[in-house]
1. Normalised by the number of residues in region 144-423, what is the relative contact order in percent for Cα pairs under 8 Å and 6+ residues apart?
2. Step through the table entries LYS37/LYS305; LYS68/LYS124; LYS323/LYS403; LYS191/LYS422; LYS220/LYS392, compare each Cα-Cα distance with 22 Å, and write down the pairs that go over it.
3. Give me the percent of Cα-Cα pairs in region 347-428 that sit more than 23 Å apart, rounded to a whole number.
4. So which chymotrypsin sites (Phe, Trp or Tyr not before Pro) in region 78-149 pass both tests, a DSSP loop state and at most 16 other Cβ atoms within 10 Å of the Cβ?
5. If Lys and Arg each add +1 and Asp and Glu each add -1, what is the summed charge of the other residues whose beta carbon sits under 12 Å from the beta carbon of LEU265?
6. Post the alpha-carbon centroid distance, region 229-253 to region 361-408, in whole angstrom.
7. Starting from the alpha-carbon convex hull of region 112-208, give the projected area averaged over all orientations, in nm².
8. Using the Cα centre of the chain as the reference point, and only Cβ charges (+1 on K/R, -1 on D/E), how large is the resulting charge dipole? Debye, rounded to the nearest 20.
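Values in this text are rule-based calculations from the coordinates and carry no lab data. The structure presented is a predicted model; accordingly, all values stated were derived computationally and were not measured. Neighbour counts are summed over all protein chains in view; Cβ atoms, including those assigned to glycine, are modelled from backbone coordinates with ideal geometry.
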Amino acid sequence: MIELDHFILPETPAIEDYIVGTYLLRKHLRDPGDIIKTAVMMATEQTTGTWIRVPGETGDMVEKFRGKVLNIWEVPDQEQFRNEQDEARVFFIQLGFPWQNFGPQIPMMLTTIFGNISMIGDIKLVDIQFPKNFVDQFPGPRFGISGIRKLLGVSERPLLNNMVKPSTGITPDQGAELLYQAAIGGTDIIKDDEVMGNTVLSPVLKRVERYLRKLRKAEKETGEKKLYAVNVTDEPEVCLKTAEAAVDNGANALLVNFLPAGIGLVTSLCRHPGIKVPILAHLDFGGALYASPWHGISSSLLYGKLARLAGVDLLCIPTPYGKFSLNYSKYIQIIHGLRSPFHSKPGVWPIAGGAIKQGHIPKLFNDLGRDFIIGAGGAIHAHPMGPAAGAKAFRQGIGLMMKYGQLEGQKLGRELTVAIEKWGSGVI
């Protein structure tokens, strides 16, 4: 017998006390009630119960702490009885979990919403709906889109980001010169590559010293404010100590690989009272979590609301027209999750990267508007005229798009012309 007290409507006033997970599930059904039993099992397994009712599971406990089933939809939306037991059927299931079970933190929230049930078969977590009273417990991005604009003194145009290349195997002095070349060409934010950590060849604090010296020189020569995001990714305790030391030594931005490091650690980094600089999060490791259509967590959730809830200010994201094979609609959903209203939290800068070239500039403008960052590595450092010219080519393209709304038919600067001749329009 299915007990109806396992279910609530989304419109119930108590929904503010629940975080709602939406799941895509593919399952063979043995009998017509199987999918309802599965949904109830999922809600119970992740809260008060297990595979069998235990003596300590009291009625009062169940009422206060058990998960609830909100919705079950079959795709397509079948209304007639079907007796096709050998056919896998597809459902969207929505479950509500009392957030008092885990409090205002992300690790235990994810454990509750998608812990053991992530292993029951073909199931993917595609969205989480967060009530305002939960989101309000998180500080969110310290700077966000408007704060970074104010910090850099750039009011309208998209920003330009470069990652120092080669990614590893270079000394702090070599990296500092590459940073300088990118900066004098017009790059706003230079970051370490995600694979450049705290190494014997290039320790974090030496990079901070050498890179910032060159960054200040570039600022004087260009009259533009610049940021350098140093990679502090490490074991949790080491990461926080390295971040503190970097900031104490003048670092004006930090980079963290937010999925390998752990979203909980990134939240601690963003909340740290002594770290009052922008936090740039890298996208790496995401494919291991989102790439399967039937398992894992949706890219739009990972790179959207979860990153924003953690409190990052800037986030590298995959694009569908670079080297990543991301679905275009997912790309737009990620942008939506980073910039659309999310209770009181500021928007997060999307850094569109992955083999982005100067010829991609019109496409980026048309898809993303103006509140985005171009993330370019090879197209700056491998420009035939050098890194400064590679950056200058991007700024020329940005300037033309801001003024005319297109590159076609416009007089292109030499640096931009050379880039497009070498790599093409980039629109694929």
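1. Numbers: 539 pairs, mean separation 54.0, N = 280.
Contact order relative to length: 19 percent.
2. Working: LYS37/LYS305 30 Å; LYS68/LYS124 18 Å; LYS323/LYS403 29 Å; LYS191/LYS422 25 Å; LYS220/LYS392 17 Å.
Correct reply: LYS37/LYS305; LYS323/LYS403; LYS191/LYS422.
3. Working: 413 of 3321 pairs.
The calculated P(r) of region 347-428 puts 12 percent of pairs beyond 23 Å.
4. Numbers: sites: PHE81, PHE91, PHE92, TRP99, PHE102, PHE114, PHE134, PHE143; in loops: PHE81, PHE102, PHE143.
When the chymotrypsin sites (Phe, Trp or Tyr not before Pro) of region 78-149 are filtered for loop state and at most 16 Cβ neighbours within 10 Å, PHE81 remain.
5. On the way: positive: ARG271; negative: ASP234, GLU235, GLU237.
Cβ neighbours under 12 Å give a net charge of -2.
6. So the separation of the two Cα centres works out to 30 Å.
7. Numbers: hull surface 43.9 nm².
The directionally averaged projection comes out at 11.0 nm².
8. On the way: 46 positive and 43 negative charges, 420 e Å.
For the chain, the charge dipole is close to 2020 debye.
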